[in-house]
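Structure record follows, encoded as structure tokens.
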Amino acid sequence: MQANGGENHQEQTNGNGIPENPTLEDIQEYILTLTEHMRECERSGKYIEAQTALTKIEELKTEASNRRREEMRARHLNEKLEIEEAHLSEFNQFNEFWDKKMQQFSEEAAQAEQEMTARHQEELAKFEEELNNSLPPQPKGSSELLNLRKIEENLARQKDYVEAHKVQQKCLEMEREELAKWLAVRESKIRGQVQLLATKQAQEINALRKRVNTAQEEQRKARSLELERLIQKYHNIKNELEIQQQMEALKLDKVIKTSGSVMRSSFGSRFMSQGGTRSIRQTGKTDSGSKR
């Protein structure tokens, strides 16, 4: 009766104990069922049936081990992809931040230069106007010209109009000469002063541009340094994950090997122990029967 019950159990287990496309949990549950069945066969002395169950258990354990390795590899790949995605996201955020920061600085620098240029133009126009107002458009008469005018007046009072006219023409010609000289001197003074201010303003613009270039170079260096740190951080995380995954893979291999060795060793020792005891007992019974 016990043997038939065991056979029926094995048939039900083989037929219905595991789904067509089992999960790892299904396989592990079926292994537990077969293990209990194997032990029951051991206790009942059905060693061939127990061996069949053990063979099936080892096959299922191999399949389970393969499943574990596949799941581990898939999980490891997913972990690597997560790190890659996280690094890519952080890298994009890094570039977005620095692009925006450097663009904003460039715009502010351009705005500052535009404002300075407008201020310079206003200062220059105002300065030139002040110079024009400060320098008289007409020169002061020279002592020679003033003397000729007195002579002209005296000749006119003396009714010597012909000589007065001659002196008058000479005064007019001298005035034109002195005016032309004065205008040239006046223009030169204005241009000189304006040029000095323009040179000073150009130096201010160049100084501003130099400060901007220096700041931009510092930004580029800071960006490059932070990028190196970001890449190093990624490599450190990646290397750490690889080490963890390698250790996990070695640990899983060790667990799988240990589990298989323990199962075979346990069944072998029980088989030899129980099988040997039964043989001795059967031999003893045979000898007693012979003596009788």
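Which count do you get for residues in the stretch 172-217 that are more than 23 Å from residue 129 (Cα to Cα) and among the small types (Gly, Ala, Ser)?
The number of residues fulfilling the criteria is 2.
Do we find that residue 59 is over 30 Å from residue 230 (Cβ atoms), open to solvent by 80 Å² or more (accessible area, probe 1.4 Å) and either not in a helix (DSSP H, G or I) or not charged (D, E, K, R) (or both) in this structure?
Judged against the criteria, residue 59 is not a match.
At pLDDT below 95 and open to solvent by less than 50 Å² (accessible area, probe 1.4 Å): is that true of residue 184 in this structure?
no
Could we say that residue 121 is without any contact (Cβ under 8 Å) to a residue 60 or more places away in the chain, under 18 Å from residue 205 (Cβ atoms) and either open to solvent by 70 Å² or more (accessible area, probe 1.4 Å) or touching a Pro at 6+ places or on another chain (Cβ under 6 Å) (or both) here?
The answer is yes for residue 121.
Exactly one condition in (1) under 16 Å from residue 22 (Cα atoms); (2) surrounded by 13 or more Cβ atoms within 10 Å (Cβ to Cβ); (3) of a type outside the set (Phe, Trp, Tyr) is not met by residue 71; state its number.
Exception for residue 71: condition (2).
Which one is most open to solvent (accessible area, probe 1.4 Å) among residues in the stretch 155-181 that are more than 19 Å from residue 141 (Cβ to Cβ) and charged (D, E, K, R)?
157
Yes/no matrix, rows are residues, columns are (1) open to solvent by 70 Å² or more (accessible area, probe 1.4 Å); (2) acidic (Asp, Glu); (3) touching a residue at least 60 places away in the same chain (Cβ under 8 Å); (4) part of a helix (DSSP H, G or I):
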position: 196; (1), (2), (3), (4): yes, no, no, yes
position: 199; (1), (2), (3), (4): no, no, no, yes
position: 207; (1), (2), (3), (4): no, no, no, yes
position: 217; (1), (2), (3), (4): yes, yes, no, yes
position: 222; (1), (2), (3), (4): no, no, no, yes
position: 236; (1), (2), (3), (4): yes, no, no, yes
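Looking at (1) in contact with a Lys or Arg (Cβ under 8 Å, 6 or more places away or on another chain); (2) at pLDDT 80 or above, can you tell me which one residue 234 breaks?
(1)
Could you tell me which of the residues 90, 42 is assigned to a helix (DSSP H, G or I), in contact (Cβ under 8 Å) with a residue 24 or more places away in the chain and exposed (fewer than 14 other Cβ atoms within 10 Å of the Cβ)?
Matching residue, one of 90, 42: 90.
Here are 113, 107: which of them is open to solvent by 90 Å² or more (accessible area, probe 1.4 Å), among the acidic types (Asp, Glu), more than 30 Å from residue 182 (Cα to Cα) and modelled with pLDDT of 95 or more?
Checking each option against the conditions leaves just 107.
The values are calculated or read from the model by the stated rules, or taken from the named source; none is laboratory data. These numbers come from a predicted model, not from an experiment. Note: ideal-geometry Cβ built from the backbone for every residue, glycine included; neighbour counts use all protein chains shown. For the accessible areas, the whole protein counts, side chains as well, though only heavy atoms, and no ligand, DNA or RNA atoms are used. Shrake-Rupley method; radii C 1.70, N 1.55, O 1.52, S 1.80 Å.
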